[in-house]
Amino acid sequence: MNLAAVKAIYVSEMARFFRTLAQSFLSPVISTSLYFVVFGAAIGSRIDQVEGVAYGAFIVPGLVMLSVMTQAISNASFGIYFPKFIGTIYELLSAPVNFLEIVLGFVGAAATKALFIGVVILGTAALFVDLQILHPFAMMAFLVLTCTSFALFGFIIGIWAQNFEQLQLIPLLVVTPLVFLGGSFYSISMLPPVWQTITMFNPVVYLISGFRWAFFGIADVPVGLSLLAISGFTVLCLGAVWMIFRTGWRIRN
């Protein structure tokens, strides 16, 4: 393992993040505050509690998941796409580093940025609602796994994308709708039976449910199933990245 190469890629990606630290910090704070104004005040005044949890606190795990997933994807996809765009990817491929070291550098930096955003959102949410975490270690495990898996997914999108428009295609048209329809701001049990069955085919449901369980001890699906879902998605993304580097798909051509 060439740790010097991993560190060089990681530090380079994190330097780009620190150059826009104020923007990276203010954006989630403002967006989270707006969510609490809209959902917490407008809807929360009509929905007192959901499964025994105050509505303002109930939406916090969904807010964190929404931001963490989109940030992990966008940071990882842009991080690998930009070297492709300007041609420096060939210098990286010709260097004495293997695909695992490249992935660790890019994905590790993207996951770190998403984790930072998640922590900022949790801190901002604590200013609005009384937030208690029943299982802090499980919460961090779900958060780190989500950051890592979606950073891997974003890495794949960055390799697949052939222009800047395609970088935003899947996050905007696929991931964000799935998060909103995956129980981010409501419980699946509130839906009619037929829609509850349909919603179970949404993979994001399992992530949000497990993450919410870590906060309040309530879940729409079994926690073990949530953990299996996020672990399986991570392994699937790792396999896809391995195949990409093995074949050189959209990297060497």
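The slack between residue 130 and residue 200, meaning 0.36 nm per residue of separation minus the straight C-alpha distance, is 22.2 nm. In sequence order, the range 49-61 has phi-based couplings of 9, 10, 6, x, 10, 4, 4, x, 6, 4, 7, 4, x Hz under the Karplus curve 6.51 cos²θ - 1.76 cosθ + 1.60, θ = phi - 60°, and Gly or Pro positions carry x. With respect to the chain, whose longest principal axis is taken over its alpha-carbon atoms, helix 21-35 is tilted by about 30°.
Here is the tail figure for the range 52-200: Cα pairs spaced more than 25 Å apart come to 38 percent of all pairs.
Taking 35 Å as R0, compute the FRET efficiency from the Cβ-Cβ separation of residue 218 and residue 249 and round it to 0.05. Mind showing how you got there, number by number?
Working: r = 42 Å, r/R0 = 1.21.
My answer for the efficiency is 0.25.
The trypsin sites (Lys or Arg not before Pro) of the range 179-253 that meet both conditions, a loop assignment by DSSP and at most 12 other Cβ atoms within 10 Å of the site Cβ, are 252.
Summing +1 for each Lys or Arg and -1 for each Asp or Glu, what net charge is found among the other residues whose Cβ lies under 11 Å from the Cβ of residue 189?
-2
What translational diffusion coefficient, to the nearest whole µm²/s, does the chain have by Stokes-Einstein, given a Kirkwood radius computed over alpha-carbon pairs, a temperature of 4 °C and 1.567 mPa s viscosity? The calculation lands on 68 µm²/s. Using a cutoff of 8 angstrom between alpha carbon atoms and counting only pairs six or more residues apart, the relative contact order for the range 164-240 works out to 23 percent. Mind checking which of 203, 192, 177 has the largest fluctuation in a GNM of the chain, springs on alpha carbons under 10 Å? The residue that fluctuates most here is 192.
Compute the Cα gyration tensor for the range 147-253, then decide on rounded, prolate or oblate, letting a ≥ b ≥ c be the square roots of its eigenvalues: rounded whenever a/c is under 1.5, prolate when a/b is larger than b/c in the other cases, and oblate in all that remain.
Since a/c reaches 1.5 and a/b is larger than b/c, the shape of the range 147-253 is classed as prolate.
Applied to the range 176-187, the Karplus parametrisation 6.51 cos²θ - 1.76 cosθ + 1.60 on θ = phi - 60° returns per-residue 3J(HN,Hα) values of 4, x, 5, 5, 5, 8, x, x, 5, 10, 7, 8 Hz, with x for Gly and Pro.
Stokes-Einstein diffusion for the range 7-91 at 10 °C, viscosity 1.306 mPa s, with a Kirkwood radius from C-alpha pairs, works out to 102 µm²/s. Helix 223-247 and the longest principal axis of the Cα set of the chain meet at an angle near 20°.
Taking amide H as placed 1.01 Å from N in the peptide plane, residue 50 has its amide H under 5 Å from the amide H of 55, each at least 5 places away in sequence or on another chain.
Over the chain, Cα pairs under 8 Å with separation of 6+ residues give a relative contact order of 26 percent.
Rule-based calculations on the coordinates, nothing more; no lab input. Keep in mind it's a predicted model, so treat the numbers as computed, not measured. Cβ atoms come from the backbone with ideal geometry, glycine included; neighbour counts cover every protein chain shown.
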